[in-house]
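One structure is given here, and the rest of the page talks about it.
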Amino acid sequence: MADVSAPTLILFIASLVIAAGVSGVLINTVTDISSALDDRGADVSSNIRTDVEIISAAEPNVYDATNGTLTLYVKNTGTRSLPATGQTFDVIVDARYRTNVTVTIADGESAWRPHGVVKIVVGDLNLDAGDHRATFVVDGDEETFQFNI
């Protein structure tokens with residue numbers, strides 16, 4: 001009887017050590033996945049709360065050929081305030097990224113709050129007559145404005 005209990009005890013201890021090692025790896029993996037899901041959830045929440053709409057409607061007045069500027073009015077239709085600087089927006093006109101972007105808050109506020117409007121002026125443009133597209137991106141939300149000059 002003693003001959004059977006010693007090998008059984010060794011196998012039992014070995015199985016406990018292996019189970020402890022596997023459970024440690026699984027706990028670490030589950031913790032990493034949970035953390036990644038929390039981070040992704042925060043990003044998705046930010047994207048959901050961010051929404052803008054281009055409200056420019058007067059097509060003949062959007063592009064000023066004399067000064068080479070495009071003027072767009074954009075409304076914050078989301079639920080959070082957004083930074084109103086040219087560095088936080090991506091503006092693409094006719095598939096070309098534009099860096100000469102000036103942003104001013106149109107309603108005189110100090111921040112671009114929900115339901116607020118900003119005036120975006122894109123400079124250094126030389127657009128020909130015809131159809132054009134201006135795409136505006138802020139925090140993952142993308143809006144496109146099509147106009148004709």
Practice prompt. For the chain, set up a Gaussian network in which alpha carbons nearer than 10 Å are linked by springs, and say which option among 79, 99, 66 fluctuates the most.
Written response: 66
Discussion item. Rounding to the nearest 10 and keeping the result within 0 to 90°, find how far the Cα-based axis of helix 2-49 lies from the longest principal axis of the chain.
Written reply: 10 degrees
Fill in: Ascending count of other beta-carbon atoms within 10 Å, so fewest first, for 113, 98, 133
133, 113, 98
Worksheet item: If you project the alpha carbons of segment 52-148 onto the principal axes, what extent comes out on each, in Å, largest first?
Response: 37, 25, 21
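Taken together, the values in this text are just the output of simple stated rules run on the coordinates, not laboratory data. Because the structure is a prediction, the values reported are computed rather than measured. Note that each Cβ is placed from the backbone with ideal geometry, even for glycine, and that neighbours are counted across all protein chains shown.
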